[in-house]
Amino acid sequence: MATKRDFYDVLGVQKGASAEELKKAYRKLAMQYHPDRNKDNKEAEAKFKEVSEAYDILKDDQKRAAYDRYGHGAFDGMGRGPGGGGGMGGGFDAGSFSDIFEEVFGDFMGGGGGRRGGSQGGVQRGNDLRYDLTIDLEEAFKGTKANVKMTTMAACDRCKGNGAEPGTGVENCGTCSGRGTVRTQSGFFTVERTCPTCNGNGRIIKSPCKSCAGQGRVRKERKLDVNIPAGVDDGTRIRLTGEGEAGLKGGPAGDLYVVVSVKPHRFFKRDGAHLFCRVPVSMVTATLGGQLEVPIIDGNKVKVNIPAGTQNGTQMRLGGKGMSMLRSSSRGDMYLEVAVETPVNLSKRQKELLQEFDGQDQNNSPESQGFFQKVKDLWEDLRD
């Protein structure tokens, strides 16, 4: 009898390989040597069994620990459990090949009906869904109700989601007595694996629903009203439990995540609960002082006093005039930034008046006078 190759060498991995590295290596080799791709090729069939046996041992932490310590001797002479017989040791049979292959390649095999014994597949939770919702800043301030439309998997109306044709039922699996798993004795190990008859469901559907083919769900359009609370910010996620994709064969539904995007506003810029607004002010108003009427986010207007001599870039705070705060009755603040406008398109007379004003020897521009005085002092220091 030929000596068995080291399991790590069979899979082409190092002894300390991670579970993901083992799975990746097995996937590659199993695809290469799978019987469906190598018809009537005994050598490929033997290779497939060899890599499947190696992966069966190394993917299990307890079996791997025993193999690392005792080698192949840890599994020599072990029984095969129910339905045993000669061949590969360690309780490994054709069913094990299928179990491993479905475990590793299940994402590519499509799911659906059972592979043996009329199995119907397991109950599965539905996928979570995401819906992107765009709202205005005013809607973010006061809150709103959005009507969400989406096409997704929803519970089948005909069978009410259980996958069985009306008038029939869902029975407990006779192989596993409804547990979804079966146990086999492998030497001094007890191995528990998914029931091959019901695929872990624990139940059997003998008469699948004609509308959903036993899946318990169908694709259709859903409409849902979603309450958007006041104070939501750009990127806020709202979770709606159980409003996602319907589960498979009566499994629980996933969740729906509504991700909010807030449109840029033509007047206001937002920073958390605070709002910023740039307000143009004429040179005369900034110089002599006056009042301005500015809009606020709630749709009202407020009068703001502009002190005489207000400079360009001056910020003014309006307390409690900003955004609503999420789950709070409080509001942020609003900040006005004064933008003093330089007059344009002046008449001849206006220019004369400004030149006359500029010719007056008075301290009207303390900042510029101070700046030029510093420049003058600097040049004098450089000459000394």
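Hey, any idea what % of segment 302-345's accessible area is carbon plus sulfur with a 1.4 Å probe?
Of all accessible area on segment 302-345, carbon and sulfur atoms account for 44 percent.
Where a ≥ b ≥ c are the square roots of the eigenvalues of the C-alpha gyration tensor, would you call segment 201-283 rounded, which needs a/c under 1.5, or, failing that, prolate if a/b is larger than b/c, or oblate? It comes out prolate by the Cα gyration axes.
Placing +1 on each Lys and Arg Cβ and -1 on each Asp and Glu Cβ, with no other charges, gives segment 214-363 a dipole about its Cα centre of roughly 900 debye.
The length gained by stretching the chain between Arg69 and Met150 to full extension, at 0.36 nm per residue less their Cα-Cα distance, is 23.6 nm. The loop-placed chymotrypsin sites (Phe, Trp or Tyr not before Pro) in segment 1-48, going by DSSP, include none that has at most 10 neighbouring Cβ atoms within 10 Å of its Cβ. Full extension of the segment from Thr342 to Lys15, taken as 0.36 nm per residue of separation minus the current Cα-Cα distance, would add 110.0 nm.
Taking a Cβ cut-off of under 14 Å around Thr285, the surrounding Lys, Arg, Asp and Glu residues balance to a net charge of -1, with basic ones at +1 and acidic ones at -1. Electrostatic tally near Leu29: other residues with Cβ closer than 14 Å to its Cβ, Lys and Arg +1, Asp and Glu -1, net +2. Charges were assigned to the Cβ only: +1 to each Lys and Arg, -1 to each Asp and Glu. The resulting dipole of segment 198-241 about its Cα centre is roughly 500 debye.
Summarising the label geometry, the points placed 7 Å from Cα in the beta-carbon direction at Asp234 and Ser207 lie 5.8 nm from one another. When you filter the trypsin sites (Lys or Arg not before Pro) in segment 182-270 for DSSP loop state and at most 14 other Cβ atoms inside 10 Å of their Cβ, you are left with Lys206, Lys210, Arg266. Charge dipole of segment 277-358 (Cα centre as origin; +1 on each Lys and Arg Cβ, -1 on each Asp and Glu Cβ, all else neutral): 320 debye, rounded to the nearest 20.
A cut-off of 5 Å between modelled amide H atoms, ignoring neighbours fewer than 5 places along the same chain, links Val340 with Val281, Asn312, Gly313. Within the shell of other residues whose beta carbon sits under 10 angstrom from the beta carbon of Leu336, the net charge comes to +2, with Lys and Arg scored +1 and Asp and Glu -1.
Our note on the geometry: Cα centres of segment 148-207 and segment 226-291, 44 Å apart. Tally the DSSP beta bridges in segment 264-358 and give the antiparallel ones as a percent, rounded to 5. Given both bridge residues lie in segment 264-358, the antiparallel proportion sits at roughly 65 percent. Legend: residue pairs Lys28/Lys49; Lys23/Lys63; Lys303/Lys351; Lys24/Lys249; Lys223/Lys269, Cα-Cα distance threshold 22 Å; pairs beyond threshold, Lys303/Lys351; Lys24/Lys249; Lys223/Lys269. Once you keep just the Cα pairs under 8 angstrom separated by 6 or more residues, what percentage relative contact order results for segment 140-196? Averaging sequence separation for qualifying contacts and normalising by length gives 17 percent for segment 140-196. If you plug the beta carbon distance of Gln315 and Gln355 into 1/(1 + (r/R0)^6) with R0 = 35 Å, you get a FRET efficiency near 0.60.
The values are calculated or read from the model by the stated rules, or taken from the named source; none is laboratory data. All of these numbers come straight from a predicted model, not from anything done at the bench. Don't worry about glycine lacking a Cβ; one is built from the backbone with ideal geometry, like all the others, and counts go over all protein chains shown. Accessible surface is based on the protein model in full, side chains and every heavy atom, while ligands, DNA and RNA are left aside. Shrake-Rupley method; radii C 1.70, N 1.55, O 1.52, S 1.80 Å.
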